[in-house]
Amino acid sequence: MSDHAGPSILPAEMRSASLRGYIFGFAGSIVLTVAAYLLVIGHASTNGGLLPALVLLAMVQFAVQLVFFLHLNTRTQQRWRLHMLGAMVIVVLILVIGSLWIMGNLNARMTPAQKQQYMSAQGGL
Amino acid sequence: MSAAELAAGGHADARDIEVDAKAIFGFWVYLMTDCVLFAGLFATYAVLRDNTFGGPAGYQIFNMPEVLVETLVLLMSSFTYGLGVLAARGNREAQVLGWFAATFVLGLVFLSIEVPDFHSLVTQGNSWTRSGFLSAYFTLVGTHGLHITIGLLWMAVLVVRVRRTGLTRGNVRRLTLLSLFWHFLDLVWIFIFTIVYLMGAARV
Amino acid sequence: MKMPMFAWSVLCSMFLAMFAFPILTVTLALLFLDRAIGTHFFTAAGGGNVMMYVNLIWAWGHPEVYILVLPAFGIYSEVVATFSRKPLFGYASMVAALVAITILAFSVWVHHFFTMGAGADVNGFFGIMTMIIAVPTGVKIFNWLATMFRGRIELAAPMYWFMGFVGLFTIGGVAGVMLAMPAIDFQLHNGLFLVAHFHTMLVSGVLFGDFAGLIYWFPKVCGFRLNERLLKYSFWCWFIGFIVVLVPLYILGFMGATRRLDHYAASTGWQPLFIVSGLGSLIIAAGLGLLILQIGVSIRQRAATRDVDGDPWNGRTLEWTTTSPPPVYNFATIPVVHGRDPFWAAKQQGAAPSETRVFSDVHMPKNTPVGMFVGGLAFVVGFTLIWHIYWLTILAVLGLLITAAIRTTSTDDSEYTIPAAEVARLESARQVEFA
């Protein structure tokens, strides 16, 4: 197997790496991080919109890092990376949302006696 | 590997491209399964988040400025790694090693904030045995820290390799795989930062 | 859409395995932490939640049973088509069914704990999803039967196992659909009806299928056929024995017998049924004995049952074009495939076996002991973690890291090349052998 180092030995998937891309990814991530941080530190009253805002900022930063750090795009030769990501996201969503729904349901449906037992075992929630 | 050989370069033959593509895709698939592993830990954390058993809740033990610093350090380390990748593309071995060293140092800085933080929680009696919430917190964040540690070990091995044999095709493939791993850890940290620290501090 | 069905089924099974096993890893790790360092994930006190263990383990456990059965489904597809001398009926729907099962497998896990306190909405959702997942499996059963319809059936040993599977699995599957209804499950959960259901699926589905596959591909791997007569006797013992075991268990389950008890009151009047079921297990034991006996007999007779042309079953797919066993590179030139069952198509068209072929270098992976070391060390890690022998765990983990590091020094040198001339020489020697 040839082992020459050459001008474009970077694997094909990494060809879309560029200085501008990394700078944009870095700057974008910092902005999104600090924004989320300030929202939490700065918010005084209970604001119902905080949770969706945090989730949105996280999702956007997720996408920014996928594109600019992990070079995930539809142009690359291997579209399969995108497919596997999609499959993983589906499994993760089912696992996390499913677990929250099921466990929440179980907790909500305790009888008073079970609640009593659970609470004392919890040491008073 | 002499400069002359490097300059002579050579086009990548089909087999090398095939090997690279397979290695990268295979490693990507492994990363997807590692995401499912973290999802299991996140699900557990979400379920046990309020089970404080009379002990402290998140907002009482999180040092938010410190967490912000950790996050920025990790982001910067992803950036320096990216600069290392660009240097590899330009065949500048010394720069590659320099950026790797910077990434390594930043990774160590991250751990040097996180580990003493864990230690102080333990010494004040709030270890993983205190409550379900703390069990989940230490395990989730600790698993991420364990991944960072392994990444740093890998980085050290790769640095030694590159210094020994230069920017060969194999080494460039390896540092590409490590870049996927390192950026993936940054991705997971976004969710830890948001779900554990921000939501914990805001009590949502 | 020309890939053999077994390849499709293993692809889907491995997709499930990839995404399900990390859940098991997490669950077992959390359980270990509870036992070893005093965390409170699943403890009743301290802020743990016992049901989270149940939830997580079944989130893995349900995909796991599909991981087990999908390859068996793939084997059945290969076997039924071969021994009906017909193309598999509804190939596209068979592939779609595999994909549907794979996706749905992640959405049904609560049916393993319907009775553990969830509300009607949660139970209802997972009950419906469980009933839905029965549909693609039903599609597969119908397609296998349609493959047999108007085929020229040859009842070779692998086909026996399919015939035993198809009826039993359908009955067990229908029992599963019953259990999918939470209201019924409340009566039958943790009883012998459930035990009968999943043993039906595992034995007639997975075990019979794996037996069929082993018998079907054994000649390809080892170069001689197994003793058909003993295999058929063994099958009858397994099949009849298994029915004798199961029917009493289904009945007992209906009557309310609980599982995991070693003693039932005589006043229930159930003892005769248990005795019948026990007799069935003796018949199965005879079948197992015949299977083992058959190994020895087949090896002794191997000269007479040698697979001379690589195609002992008049097969349809490309593995049967190689010698038995195949050369180290499997195929000297990558075959070009124009449709499904390409070997069968070539046989129908009377393709000439000796076309002049252009050979090129073959790149082969080098052998490596790394897998064995990793497996052995991982075993030590698992064993010592359970029995609290932590110093040995640490050593084994260090061993794993060192093995990984050593392995990386050889990844650039992991292949060797068989020159084209050598390939040509091996191939012409093979042609001579076939002639």
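Take peptides B:153-160, C:372-379 and line them up by average Cβ neighbours within 10 Å, highest first, as a rough protection proxy.
Top to bottom by mean Cβ count within 10 Å: B:153-160, C:372-379.
What are the residues whose amide H is under 5 Å from the amide H of C:Phe224, where those residues sit 5 or more places off or on another chain and H is modelled from the backbone?
So C:Phe224 has HN proximity to C:Asp307.
Compute the distance in nm between two label points, each set 7 Å from the Cα along the Cα-to-Cβ direction, one at B:Ala21 and one at C:Met178.
My value for the distance between the label points is 5.3 nm.
Using a Förster distance of 35 Å, how high is the FRET efficiency between C:Thr258 and C:Met131, based on the Cβ-Cβ distance and rounded to 0.05?
Efficiency, rounded to the nearest 0.05: 0.90.
Report the accessible surface area buried between chains B and C, summing both sides, using a 1.4 Å probe on protein heavy atoms only, in Å² rounded to the nearest 100.
Buried area between the two chains comes out at roughly 2100 Å².
Taking beta carbons within 10 Å but only from partner chains, what does the mean come to for residues B:77-86?
For peptide B:77-86, the averaged partner shielding equals 5.
Under 5 Å between amide H atoms, partner at least 5 residues away or on a different chain: which partners does A:Leu10 have, H built in plane at 1.01 Å?
none
Once you keep just the Cα pairs under 8 angstrom separated by 6 or more residues, what percentage relative contact order results for chain C?
So the answer I get is 14 percent.
What pairs in C:Lys86/C:Lys220; B:Lys22/C:Lys140; C:Lys220/C:Lys366; C:Lys220/C:Lys347; C:Lys2/C:Lys366; B:Lys22/C:Lys347 have C-alpha atoms more than 26 Å from each other?
Going by Cα-Cα distance, B:Lys22/C:Lys140; C:Lys2/C:Lys366; B:Lys22/C:Lys347 fall outside the 26 Å limit.
Go through C:298-306, B:39-47 and give me the packing order, highest mean Cβ count within 10 Å leading.
For the peptides C:298-306, B:39-47, the packing ranking is B:39-47, C:298-306.
Once you have the Cα-Cα distance between C:His388 and C:Ala17, take 0.36 nm times their residue separation minus that, and quote the gain in nm to one decimal.
130.7 nm is the gain from fully extending C:His388 to C:Ala17.
Mind checking which of C:Gly167, C:Val108, C:Met94 is farthest towards the positive end of the protein assembly as shown's charge dipole, using Cβ charges of +1 (Lys, Arg) and -1 (Asp, Glu) about the Cα centre?
Toward the positive end, the furthest listed residue is C:Gly167.
For a quick check, take a GNM of chain C with Cα springs below 10 Å and name the residue from C:Val397, C:Val247, C:Val195 with the largest mean-square fluctuation.
Top of the fluctuation ranking is C:Val397.
For the peptides B:56-67, B:124-135, what is the packing order when you average, over each peptide's residues, the other Cβ atoms within 10 Å and list the highest mean first?
B:124-135, B:56-67
How would A:Arg20, B:Arg174 line up by accessible area, probe 1.4 Å, largest first?
So the residues, ranked largest to smallest area, are A:Arg20, B:Arg174.
Is the shape of the stretch C:190-345 best called rounded, prolate or oblate, per the rule: a/c under 1.5 gives rounded, else a/b larger than b/c gives prolate, else oblate, with a ≥ b ≥ c the square roots of the Cα gyration tensor eigenvalues?
Prolate.
Where only protein heavy atoms count, and the probe is 1.4 Å, what is the accessible area per residue for chain C in Å²?
Accessible area per residue: 48 Å².
Given a Förster radius of 60 Å and the C-beta distance between A:Val34 and C:Val337 as r, what FRET efficiency does 1/(1 + (r/R0)^6) yield to the nearest 0.05?
Efficiency at R0 = 60 Å is approximately 0.60.
Taking a ≥ b ≥ c as the square roots of the eigenvalues of the Cα gyration tensor of chain C, is the shape rounded (a/c under 1.5), prolate (a/b larger than b/c) or oblate?
Note, shape of chain C comes out oblate.
Short version: what are the Cα gyration tensor semi-axes of the stretch B:3-202, square root of 5 times each eigenvalue, largest first, in whole Å?
In descending order, the three semi-axes are 39, 18, 12 Å.
With charges only on Cβ, +1 for K and R and -1 for D and E, what is the dipole size of the protein assembly as shown about its Cα centre, in debye, rounded to 20?
Computed about the Cα centre, the dipole is about 840 debye.
Please compute, for peptide A:15-27, the average count of beta-carbon atoms on other protein chains lying within 10 Å of each residue's beta-carbon.
Mean partner shielding for this stretch: 3.
Given the options C:Thr384, C:Ser234, C:Leu145, identify the residue whose Cα lies farthest towards the positive end of the charge dipole of the protein assembly as shown (+1 on Cβ of Lys, Arg; -1 on Cβ of Asp, Glu).
Farthest along the dipole direction, towards plus: C:Leu145.
Give the Kirkwood hydrodynamic radius (Å, one decimal) of the stretch A:78-125, defined as one over the mean of 1/r across all pairs of different Cα atoms.
It is 13.3 Å.
Please get the size of the charge dipole for the stretch C:267-424, origin at its Cα centre, with Cβ charges of +1 on Lys and Arg and -1 on Asp and Glu, quoted in debye to the nearest 20.
With Lys and Arg at +1 and Asp and Glu at -1, about 500 debye.
Find which of C:Asn314, C:Phe359, C:Leu401 sits farthest along the positive direction of the dipole of the stretch C:309-435, computed with +1 on the beta-carbon of Lys and Arg, -1 on that of Asp and Glu, about the Cα centre.
C:Leu401
Which far-off residues, 5 or more places away or on another chain, put their amide H under 5 Å from the one on C:Gly191, with H placed in the peptide plane?
C:Arg259
Each label point is 7 Å from the Cα along the Cα-to-Cβ direction; what then is the distance between the points at B:Arg92 and A:Leu82, in nm?
For the pair B:Arg92/A:Leu82, the computed spacing is 3.2 nm.
Can you compute the equivalent ellipsoid semi-axes for the protein assembly as shown, i.e. the square root of 5 times each eigenvalue of the Cα gyration tensor, sorted largest first and rounded to whole Å?
Gyration-tensor ellipsoid for the protein assembly as shown: 47, 41, 22 Å.
Over the stretch B:67-198, what is the mean sequence separation of C-alpha contacts under 8 Å (at least six apart), divided by residue count, expressed as relative contact order in percent?
For the stretch B:67-198, the relative contact order is 31 percent.
Tell me, what are the semi-axes, in whole angstrom and largest first, of the equivalent ellipsoid of the stretch C:230-293 as set by the roots of 5 times the Cα gyration tensor eigenvalues?
Listed largest to smallest, the semi-axes of the stretch C:230-293 are 28, 10, 8 Å.
Which FRET efficiency value, to the nearest 0.05, is calculated for C:Leu398 and C:Ala96 with the Förster distance at 56 angstrom and r the Cβ-Cβ distance?
0.75
Under a GNM of chain C (C-alpha, springs under 10 Å), which listed residue has the highest mean-square fluctuation: C:Ile57, C:Ile283, C:Ile402?
Of C:Ile57, C:Ile283, C:Ile402, the most mobile in the Gaussian network model is C:Ile402.
List the residue ranges in chain C for DSSP H helices whose C-alpha atoms run 15 angstrom or more along the long axis and whose Kyte-Doolittle average is -1.0 or above.
Counting only whole DSSP H runs, the qualifying helices are C:5-37, C:50-84, C:91-104, C:120-148, C:157-179, C:208-222, C:228-254, C:271-300, C:370-386, C:390-408, C:420-434.
Please identify, among B:His144, B:His183, B:His119, the residue showing maximal mean-square fluctuation in a Gaussian network model of chain B using a 10 angstrom Cα cutoff.
Checking each option, the largest mean-square fluctuation is seen for B:His119.
Count, for each residue of C:413-422, the Cβ atoms from other chains sitting within 10 Å of its Cβ, then give me the mean as a whole number.
The mean count of partner-chain Cβ atoms within 10 Å per residue comes to 1.
The values are calculated or read from the model by the stated rules, or taken from the named source; none is laboratory data. Predicted model, so just to flag it, every value in this text is computed and none were measured. All Cβ positions, glycine included, derive from the backbone under ideal geometry; neighbour counts span all protein chains shown. Protein only, heavy atoms only, side chains kept; ligands, DNA and RNA dropped before computing areas. Shrake-Rupley method; radii C 1.70, N 1.55, O 1.52, S 1.80 Å.
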